[in-house]
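Take a look at the structure set out below.
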Amino acid sequence: MKKFLIRFSTLMLLAGSHPALSLAAEPAKGPAADHAIAMYQGADRHERLVAAAQKEGELSVYHVYPNLTVVMAAFTKKYGIKVKAWRSGSESVLQRIVAEARGSRFDVDIVQNNAPENEALHREKLVQEVWSPYLTDLIPQASPVHKEWVGVTIDVWAAAYNTNKIKKEELPKSYHDLLDPKWKNRLGIEADDSGWFGSLVDAMGEQAGRKLFADIVSANGMSFRKGHSLLTTLVASGEVPLALTVYSWNPVQLKRKGAPVESLFLPPVLAQFSTMAMLKKAPHPNAAALFYDFMLSDGQQLLANLDYVVASKLIPTHVGTVALKFVDPGRALDMQEKWTKMYQEVLVKNAR
């Protein structure tokens, strides 16, 4: 995240309230009627949404995940609703939505982005709560208190190692084990994982965490590579025998192709939700609410088929029973400037 996100750290966390409709209630009448359907809990919710969404005929999605196109294509095939999509990096998606809103331009219905970025949209009062019958299928941590975004998948930070370069009996069991001289010139890390590092140091205690990693880098060095997928590829090639920060699905995908790579989970295992939110001024609110439900039902299996760790309790994932410590997206926003500086001071500068 860049300076744009840092600005959000000064804003107050304001949770909007939305009246939930009872099971037998009718949607509200008047100008807000279309948006009220997002909170409708009647037994005919799905039928209402399908009929109204097909009349709208279109859905606009801004997203980060490249493979979200698979879910959008399935949605179009099932309901005949065309999806207009725009994809970019997490900061760019956030910046565009805020800039458009400030210019009174409201073109987007659904945004898929990392939890801190959608938390920023919550603080800007641009997103709204959506009730879905599938929310109860998700792990409890997937819904924040304000309920204005929901976790759809989980980005789990894992280590990855080359099985030709490192034997199982050599593997570290903790970050402290990386002080061993045998790891000299064998370690790699993603070049801008300040959120992971800040959260990890928080969990360890700032003073102890900073010292540990400064000592690791001083003793054994650290290779910095931009991009989690690239870093995993370098592990598979043997150029980086042990990488500390890849996403858990990266090794799974390469291993399936025959690469000599395995995942390693060093505690505490940190995770962050990739989330979905509906804009308050969505131009196609019925299609947006229908897609919301689709993402939390059919979409969960489609994403799991692509090796993502989904938020559904009903679908097994490759992380199994690994205990996860979730990054607080509000704290990630508020601490971004400090964590970025700390990442540079403790890791990058010490590695030179």
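The values are calculated or read from the model by the stated rules, or taken from the named source; none is laboratory data. If you're wondering where the values come from, they're calculated on a predicted model, not measured in any experiment. When we count neighbours, we look across all protein chains shown, and the Cβ atoms used for this are built from the backbone with ideal geometry, even at glycine.
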Residues satisfying the stated conditions in the stretch 85-109, i.e. hydroxyl-bearing (Ser, Thr, Tyr) and touching a residue at least 40 places away in the same chain (Cβ under 8 Å): 90
Selection count, the stretch 156-175, where residues are free of Cβ contacts under 8 Å to residues at least 24 places away in the same chain and either in a loop (DSSP other than H, G, I, E, B) or not assigned by TED's automatic domain parsing to the domain that holds residue 199 (or both): 1
Residue under evaluation residue 111, criteria (1) surrounded by fewer than 17 Cβ atoms within 10 Å (Cβ to Cβ); (2) under 27 Å from residue 271 (Cα atoms), criterion not met: (1)
Residues of the stretch 223-247 classified as within 23 Å of residue 310 (Cα to Cα), at pLDDT 95 or above and part of a loop (DSSP other than H, G, I, E, B), total: 0
Test: residue in the stretch 128-145 that is over 30 Å from residue 313 (Cβ atoms), among the aliphatic types (A, V, I, L, M) and out of contact with any Pro (no Cβ under 9 Å at 6 or more places or on another chain): no
Listing of helices (runs of 4 or more DSSP H) fully contained in the stretch 1-111 that carry 2 or more residues being more than 25 Å from residue 336 (Cα to Cα) and at pLDDT 90 or above: 45-56, 68-79
Cβ-Cβ under 6 Å pairs, at least 6 apart or on other chains, the stretch 253-267 side without any contact (Cβ under 8 Å) to a residue 60 or more places away in the chain, far side in a loop (DSSP other than H, G, I, E, B) and crowded, with 16+ Cβ neighbours inside 10 Å: 253/307
Selection count, the stretch 190-215, where residues are of a type in the set (A, V, I, L, M) and under 17 Å from residue 349 (Cβ atoms): 4
Qualifying positions in the stretch 133-155 - among the hydrophobic types (A, V, I, L, M, F, W, C), closer than 12 Å to residue 118 by Cα and not in a loop (DSSP other than H, G, I, E, B): 150
Failed criterion for residue 296 (all others in (1) out of contact with any Ser or Thr (no Cβ under 6 Å at 6 or more places or on another chain); (2) assigned by TED's automatic domain parsing to the domain that holds residue 37 hold): (1)
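Can you go through 155, 193 and tell me which one is at pLDDT below 95 and under 19 Å from the mean Cα position of the chain (by Cα)?
193
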Enumeration of residues in the stretch 223-251 that are closer than 11 Å to residue 158 by Cα and touching an Asp or Glu at 6+ places or on another chain (Cβ under 7 Å): 228, 245, 247, 249, 251
Some residue of the stretch 307-324 being touching a Leu at 6+ places or on another chain (Cβ under 9 Å) and not assigned by TED's automatic domain parsing to the domain that holds residue 46: yes
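Residue check: is residue 128 touching a residue at least 24 places away in the same chain (Cβ under 8 Å) and within 23 Å of residue 304 (Cβ to Cβ)?
Values: touching a residue at least 24 places away in the same chain (Cβ under 8 Å): yes; within 23 Å of residue 304 (Cβ to Cβ): no.
No, not satisfied.
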Residue match in the stretch 51-58 (condition: in contact with a Ser or Thr (Cβ under 8 Å, 6 or more places away or on another chain) and free of Cβ contacts under 8 Å to residues at least 40 places away in the same chain): no
Residue 178 vs. criteria in the same structural domain as residue 251 (by TED's automatic domain parsing), buried (at least 23 other Cβ atoms within 10 Å of the Cβ) and touching a helix residue (DSSP H, G or I) at 6+ places or on another chain (Cβ under 9 Å): yes
